[in-house]
Amino acid sequence: MATKPKATTPGADDVPTVPPLDALSASGNHRIPILSPPPGAPTLAEIWHAREFLRGQIGETPMLHSRTFSAMSGADVFLKAENLQRSGSFKIRGAINKIASLTDEERHCGVIAASAGNHAQGVAIAAQSAAIPCTIVMPENAPLAKVRATQGYGAQVVQVGATYDDAYAHACQLQQETGATFVPAFDDPQIIAGQGTLGVEIIEAVPDADAIIVPIGGGGLISGIAIAAKSLKPDVRIIGIQASGADSSRRSLESGEIVTLHKISTIADGISTKRPGVLNFAVMRDYVDEIVTVEDNATSSAILLLMERCKLLVEGAGAVGIAALLKPGLLTLAGKRVVVLLSGGNIDMNLVGRFIEHGLATQGRVVGLHTRLDDRPGELQQLLAAIAALGVNVREVSHRRAQPSLPIGQVEVLLTAETRNRAHVDQVITMLLAQGYLVEESRSPFVSEG
């Protein structure tokens, strides 16, 4: 892998001409002031330099116009499919950019990183290309696919703790013991510059974008994109999305200081961090227009929609932007041209089936029902016939007789049924209630989990 020039600010011979900002800073009849990045953050010139350096080492992922999501949201929606990137996520951009800046002495000592999965693969690939020893510390619950992929790129993987922050603490300890160079996941100017190359690509592909929707974990991705995009188009809105169970950046910006969460819980493991980076927080405070959160139910539904309608396999962290876009009343983007970043596609294959079923349940396409019947011949047949009359397919049936709360002579019946949508579910329940069945929707649609 090529070695990047060590100068922090590239010279004129090193960097292609950056587009003049004056022509890009006008919006209507007024001018938008151009921000300067906070101290320590990369400039547009440094992001542009990273972009040129990365050419040929990574792919420039496609920008896809989505009629489906445009119709569903009322916005003109484009998808930046970074899930199709080498290594399966955007993380390789920052990792290559960072490792290329190391001195010969730092290279000799090797590198170490902490990651929930995607940063691990990016660092492992970059280190392998540069023939540098690499150790990655990952949470014990990191997706198996990401662990194996990281090992496949030649890295030594150590698994510790339940979250990224646990892995980070152990990686810092190992770094002190071994002298290896630590490669941060997000709180580093070279990392931010590498991720910021996405901002350049987005504005080049959709120069009249009104808004860019970006997932947030520690904040490195949105920081780089925001600096690049707002430098090139100052009036573009930068909207960050977090999981409701891991919303440290949202809380930090609301409080005006970095907030550390004591507990996080989300299916979007790629953005499950307890606190944003210090440098990232400073950038987000100046450059990010809004941060909103989405529930895991909406994320699983977005994963399913991306698979079903766009034929794209996107992990939870990459799907939160679609979840936010489609959540009624969350964002005011109707009539706007919007780019949604699909940040990664490294989904655990063991969980794909669960995400699909969960998404179907969220959309009302699979439902669990339970009711009571007299325990005598023909009662179940009558129930199933009534349901079938509404075009419902029953997937699974379970009888429960040994329930202390059941009167003698009755049986509890649990059904998993395939329906068309939420309105169809309501129609089925209304019909059954009208026929005298004491029916309730189950907490889980699946008999085995009921």
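Criterion first (buried (at least 24 other Cβ atoms within 10 Å of the Cβ), in contact with a strand residue (DSSP E or B) (Cβ under 8 Å, 6 or more places away or on another chain), at pLDDT 90 or above and outside the structural domain of Ser248 (by TED's automatic domain parsing)) does Thr178 satisfy it? Criteria not met by Thr178. Within the option set Arg422, Arg400, being in contact with a Gly (Cβ under 7 Å, 6 or more places away or on another chain), surrounded by fewer than 16 Cβ atoms within 10 Å (Cβ to Cβ) and either within 21 Å of Glu357 (Cβ to Cβ) or in the same structural domain as Leu380 (by TED's automatic domain parsing) (or both) holds for one residue only, Arg422.
Could you check the range 331-450 for helices (runs of 4 or more DSSP H) lying wholly inside it with 3 or more residues that are at pLDDT below 90?
349-362
Inspect all residues belonging to the range 236-249 and state whether any of them is touching a residue at least 24 places away in the same chain (Cβ under 8 Å), crowded, with 24+ Cβ neighbours inside 10 Å, aliphatic (A, V, I, L, M) and within 22 Å of Thr43 (Cβ to Cβ). Scanning the range 236-249 turns up at least one residue that is touching a residue at least 24 places away in the same chain (Cβ under 8 Å), crowded, with 24+ Cβ neighbours inside 10 Å, aliphatic (A, V, I, L, M) and within 22 Å of Thr43 (Cβ to Cβ). Scanning for something surrounded by 18 or more Cβ atoms within 10 Å (Cβ to Cβ) and under 30 Å from Ala317 (Cα atoms), does the range 367-382 turn up at least one residue? Yes.
Count, please, the residues in the range 201-221 that happen to be more than 17 Å from the chain's Cα centre (by Cα) and surrounded by 24 or more Cβ atoms within 10 Å (Cβ to Cβ).
1
Scan the range 270-284 and give yes if some residue there is part of a helix (DSSP H, G or I), under 15 Å from the mean Cα position of the chain (by Cα) and within 25 Å of Pro62 (Cα to Cα), otherwise no. Among the residues of the range 270-284, at least one is part of a helix (DSSP H, G or I), under 15 Å from the mean Cα position of the chain (by Cα) and within 25 Å of Pro62 (Cα to Cα), which makes the answer yes.
Okay, residues lined up against (1) free of Cβ contacts under 8 Å to residues at least 60 places away in the same chain; (2) hydroxyl-bearing (Ser, Thr, Tyr):
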| residue | (1), (2) |
| --- | --- |
| Arg148 | yes, no |
| Gln151 | yes, no |
| His170 | yes, no |
| Gln175 | no, no |
| Thr178 | no, yes |
| Phe186 | no, no |
| Thr197 | no, yes |
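The values are calculated or read from the model by the stated rules, or taken from the named source; none is laboratory data. What you see is a predicted model; the values in this text were computed from it and never measured. Counting neighbours? That spans all protein chains shown, and the Cβs are built from the backbone with ideal geometry, glycine included.
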